Amino acid sequence: MSKRTLSAKRLITVAGMVGIGKTTFTKALAKRLHYRTSLEKVDGNPYLDAFYKDFKRWVFHLQIYFLGERFKEAKRIASCPEGFVQDRSIYEDTDIFARMHFEKGTMPEDDYRTYTSLFEAMVMTPYFHHPDLLIYLYGSFDATIHRINKRGRVMEKNTPTNYWQEMYQRYEQWISQFELCPVLKINIDDYDLINDPKSLYSLLPLIEEKLAITDRRPEPMEPFETGH
């Protein structure tokens with residue numbers, strides 16, 4: 001990638017289904033660009049285990065916790081002079097997780113309205129630093145489930161498949177409508193960072209092209225999708 005892109009302060013956010021490989025991709029891309037990483041913190045979350053055992057009781061607590069943690073991380077990133085690659089976006093919690101639980105009846109309407117009101121006040125303002133590029137990792141549903149099971153988190157493996165099926169569909173719908181920044185869709189079959197780390201290199205020109213758009217974009221851009 002060009003020196004201009006590398007020297008600029010950029011925020012690249014990696015989004016996608018649970019277990020799709022966001023953390024691995026984030027680390028590899030940040031290393032290649034000499035950027036810092038912002039990784040999702042699972043350890044130390046006081047609600048996550050309880051949530052998977054009882055959605056209805058803990059979903060509001062979990063979403064408020066995530067909103068606060070992600071907002072604090074966004075402030076930290078904005079205050080740093082370096083570029084960042086971020087594991088998971090703040091938008092997925094609101095547009096996918098919280099909405100799904102509200103529509104399924106596991107998050108009461110009052111809780112959902114309180115949560116979305118906080119999100120609007122904190123994030124959907126001119127002062128919030130939205131990503132310069134959102135990279136959306138995707139694959140078939142079967143490949144996604146395989147990765148969830150391979151990761152081996154007990155709370156995820158014990159979650160019914162129909163929960164993941166609905167989330168998968170909501171992710172696909174969400175990314176088709178996302179317009180807050182340029183989007184690059186990457187199929188997980190187009191690279192293999194575990195067995196072939198250099199497979200990332202073929203994606204770098206696409207990333208650079210999308211980053212260049214942030215300097216001249218007049219309107220939200222349509223997603224760019226790699227093969228398959």
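All of the numbers you see were taken from the coordinates with simple rules; none came from a lab. Remember, it's a predicted structure, so these values are computed and weren't measured experimentally. Please note: Cβ atoms are built from the backbone with ideal geometry, for glycine as well, and neighbour counts cover all protein chains shown.
Brief remarks follow.
- Adding -39500 (n - 2.57) for every DSSP H run of four residues or longer, then dividing by how many residues the chain holds, sets the calculated 222 nm ellipticity at -14500 deg cm²/dmol.
- In angstrom, the C-alpha Rg and Dmax of the chain are 17.3, 50.
- In this structure, the amide hydrogen of Ile135, modeled 1.01 Å from its nitrogen in the peptide plane, lies closer than 5 angstrom to those of Thr13, Val14, Ala15, Leu184, counting only residues at least 5 positions away or on a different chain.
- Taking label positions 7 Å along the Cα-Cβ direction at both Met155 and Tyr127, the computed distance is 3.2 nm, reported to one decimal.
- Note on Lys75 and Leu206: their simple-model spin labels are 3.6 nm apart, each label 7 Å out from Cα toward Cβ.
- Rounded to the nearest Hz, the phi-derived 3J(HN,Hα) couplings of region 77-90 under the Karplus curve 6.51 cos²θ - 1.76 cosθ + 1.60 (θ = phi - 60°) are 4, 5, 7, 9, x, 7, x, 9, 10, 10, 8, 6, 9, 6, where x marks glycine and proline.
- In Hz, Karplus ³J(HN,Hα) per residue of region 28-37 (6.51, -1.76, 1.60; θ = phi - 60°; x = Gly, Pro): 5, 5, 4, 5, 5, 8, 6, 9, 8, 10
- Across region 194-201, computed HN-Hα scalar couplings (Karplus, 6.51 cos²θ - 1.76 cosθ + 1.60, θ = phi - 60°) run 7, 8, 8, x, 6, 5, 5, 4 Hz from first to last residue, x flagging Gly and Pro.
- Of Lys104/Lys185; Lys41/Lys157; Lys9/Lys150; Lys22/Lys210; Lys53/Lys104; Lys41/Lys210, those spanning more than 23 Å from alpha-carbon to alpha-carbon: Lys104/Lys185; Lys9/Lys150; Lys41/Lys210
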